[in-house]
Amino acid sequence: MKPTNTLFPVFLKLENLRLLIVGGGFVAEEKLTAVLNNSPETKITIVAIEVSEAVKNLAAQFPDSIIKQKKFEATDLDAVDIVIAAVNDIAVATEIREAANVKGILINAADKPELCDFYLGSVVNKGSLKIAISTNGKSPTIAKRIKETLNETLPDELEEVLDNMQTIRKSLNGDFTDKVNKLNDITKVLAAKQEILPADKQDKTIKWQEVVKFILFAFAFMIIGHTLFSYIPFSTILNGIKSIPQYIDTKSFLLMLLTGFLAQMADGSLGMGYGTISTTFLLAIGINPAVVSSRVHSARVFSSGVSGYSHHRFGNINKKLFRALVIPGVIGAVIGAALATVAKEYSTIVRIPLSVYTIYLGYYIIKKAFKKKLIQDKVKGAGWLASAGGFMDAFAGGGWGALVTSTLISKRKSPRYVIGSVCLAEFFVVLSSSVTFFILLKHIPLFDVAGLILGGVIAAPIAARLAGKLPMKKMLIAVGVLVILTSTNTLVKAVLTYLHH
């Protein structure tokens, strides 16, 4: 006989119970967050010798949560209905369980299934609809992935559906059986199979993978063709081929390769950082801001194309979010690229505010690393957000991910789907700005950006695989600090140059 999950699922009115959490570290913070996300009016007592600032700050937001900094004692279980042992010490967890058993109190011991009377499953919450997921304690990671999938699949409008069903239910007459039969008839359409339409009337879903590949190859041929006509004298083809290496600076190429790899690793896994990191490095070596932006965006067409393709392949795309971002982002990018071209005549002056802007982006990224929110907000004005991100990204050479991705993730949206959707939209945004730069500047330095392109293309599939799996907080802090230090160096040089002139 195959093993089955014998757990009996229940939904507790936790606000009517008294909860004890033993522990004050990261695990306790995770458990406390889960409880308060679902039942913010729960009466909670936290007992621990050491309590982290995160736990203190979280508990301070809820008047029914109190902290006692002391060692756990059996008397702490007096007047308690349920207990969570959020400690990493198996001996302490066993002690808490034994004391709870004596008093007949149910216990959950974090990461210790053998000590648990119940498990805290992953929860999908769509208004009044709540779905709890359990793997019988075998794999919380699988439960988390299923939660992410359901969160993205189930529409936010379900609350309205439930309200309508409640109204219908209250209006029905007859006994219980009659009401059930009528509700079954009404809701039968939800489970009905869709009628198969003729081939010419079926909804033809756009295959974004194919679109990205086609545009990527077309753009590559455009640049390569332009480069061939610019650099190779066809009258002396052999001499022209021999002269190609003189356009390649090995040291610069390797620096660009490393920059492209690191930038795309950050961008593909965190959904931000490519433009900001690349721009700060190129500004630091004294390149004209308009040329910086054109080079960065030319390279990003390739890396973001591979990244978007990889995210689509790994199932990291929320189509609704992608559609809300792509058109406004493209419009903002075209406007930003056009203005950046005009501003190239004032490169020394423009470099100063751009350095200040990238310093702010670094601070903004670090700030997002420490920001916590308990309630999932709806994303409003995603189009305006994408327009602003596209504009600043094209004009300043970076900011699409830092503005768009971080804002969406701060709304408690699934990092995996946010990063994937933003990266796919980014391909079309940077393609638009690159074409604009190509038309206005009439030149794209392929050899100058070859390192950025190659480094980004190598990193893109690796980063897509790591999306949502890396320690987000540490990565954001590292990217933010790197951007601030490099931008500060650029700002100092720009100010000194301006004063000297």
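Considering the range 69-126 alone, what residues qualify as being in contact with a Gly (Cβ under 6 Å, 6 or more places away or on another chain) and more than 20 Å from Ile44 (Cβ to Cβ)? Full working, then the answer.
Taking the range 69-126 and keeping what is in contact with a Gly (Cβ under 6 Å, 6 or more places away or on another chain), we get 86-87, 113, 119.
Matches in the range 69-126: Pro113 only.
Of the residues Leu354, Leu374, Leu408, Leu361, only one is surrounded by 24 or more Cβ atoms within 10 Å (Cβ to Cβ), at pLDDT below 65 and not β-branched (Val, Ile, Thr); which?
Numbers: Leu374 fails: surrounded by 24 or more Cβ atoms within 10 Å (Cβ to Cβ); Leu408 fails: at pLDDT below 65; Leu361 fails: at pLDDT below 65.
Answer to the check: Leu354.
Restricting the search to the range 1-37, which residues are in a helix (DSSP H, G or I) and crowded, with 17+ Cβ neighbours inside 10 Å?
If we filter the range 1-37 for residues that are in a helix (DSSP H, G or I), which is where we start, we get 14-16, 26-37.
Selection gives Leu14, Val27, Ala28, Glu29, Lys31, Leu32, Val35, Leu36.
Among Ala34, Ala28, which is the only one that is within 25 Å of Lys130 (Cβ to Cβ), in contact with a strand residue (DSSP E or B) (Cβ under 9 Å, 6 or more places away or on another chain) and modelled with pLDDT of 90 or more? Break it down stepwise before answering.
Working: Ala34 fails: modelled with pLDDT of 90 or more.
Being within 25 Å of Lys130 (Cβ to Cβ), in contact with a strand residue (DSSP E or B) (Cβ under 9 Å, 6 or more places away or on another chain) and modelled with pLDDT of 90 or more holds for just one of Ala34, Ala28, which is Ala28.
Mind checking which strands (runs of 3 or more DSSP E) fall wholly inside the range 60-114 and carry at least 1 residues that are out of contact with any Leu (no Cβ under 9 Å at 6 or more places or on another chain) and assigned by TED's automatic domain parsing to the domain that holds Ile44?
65-69, 106-109
Filter the range 124-135 down to the residues that are assigned to a strand (DSSP E or B) and out of contact with any helix residue (DSSP H, G or I) (no Cβ under 6 Å at 6 or more places or on another chain), then identify the one that is surrounded by the fewest Cβ atoms within 10 Å (Cβ to Cβ). Break it down stepwise before answering.
Filtering the range 124-135 for residues assigned to a strand (DSSP E or B) gives 124-126, 129-133.
Add one more test, that the residue is out of contact with any helix residue (DSSP H, G or I) (no Cβ under 6 Å at 6 or more places or on another chain), and what stays is 125, 130-132.
Working: Asn125: 15, Lys130: 11, Ile131: 15, Ala132: 17.
By that ranking, first place goes to Lys130.
The conditions are (1) in contact with a strand residue (DSSP E or B) (Cβ under 7 Å, 6 or more places away or on another chain); (2) without any contact (Cβ under 8 Å) to a residue 24 or more places away in the chain, and Glu53 fails exactly one of them. Which is it?
It fails just one condition, (1).
Could you check, for the range 467-480, whether at least one of its residues is modelled with pLDDT of 75 or more, assigned to a helix (DSSP H, G or I) and under 15 Å from Val301 (Cα atoms)?
Start the filter on the range 467-480 by keeping residues that are modelled with pLDDT of 75 or more, which leaves 477.
Filter once more, keeping what is assigned to a helix (DSSP H, G or I): 477.
Filter again for under 15 Å from Val301 (Cα atoms), leaving none.
No.
Out of everything in the range 414-466 that is modelled with pLDDT of 70 or more and polar (S, T, N, Q), what residue ends up being surrounded by the most Cβ atoms within 10 Å (Cβ to Cβ)?
Ser433
Please specify each residue of the range 79-94 satisfying the condition of being touching a residue at least 12 places away in the same chain (Cβ under 8 Å) and surrounded by fewer than 17 Cβ atoms within 10 Å (Cβ to Cβ). Working first, answer last.
The initial filter retains those residues of the range 79-94 that are touching a residue at least 12 places away in the same chain (Cβ under 8 Å), namely 79-88, 90, 92-94.
Correct list: Ala79, Val80, Asp81, Asn88, Ile90, Val92, Thr94.
Of the numbered conditions (1) crowded, with 17+ Cβ neighbours inside 10 Å; (2) assigned to a loop (DSSP other than H, G, I, E, B), Thr45 satisfies every one except a single condition; which is it?
Thr45 satisfies all of (1) crowded, with 17+ Cβ neighbours inside 10 Å; (2) assigned to a loop (DSSP other than H, G, I, E, B) except (2).
When the range 56-78 is examined, which residues are found to be surrounded by 15 or more Cβ atoms within 10 Å (Cβ to Cβ) and touching a residue at least 40 places away in the same chain (Cβ under 8 Å)?
Leu58, Ile67, Phe72, Asp76, Leu77
The values are calculated or read from the model by the stated rules, or taken from the named source; none is laboratory data. Given the structure is predicted, the values throughout are model-derived calculations rather than measurements. For neighbour counting, all protein chains shown are included, and Cβ atoms are generated from backbone atoms with ideal geometry for every residue, glycine included.
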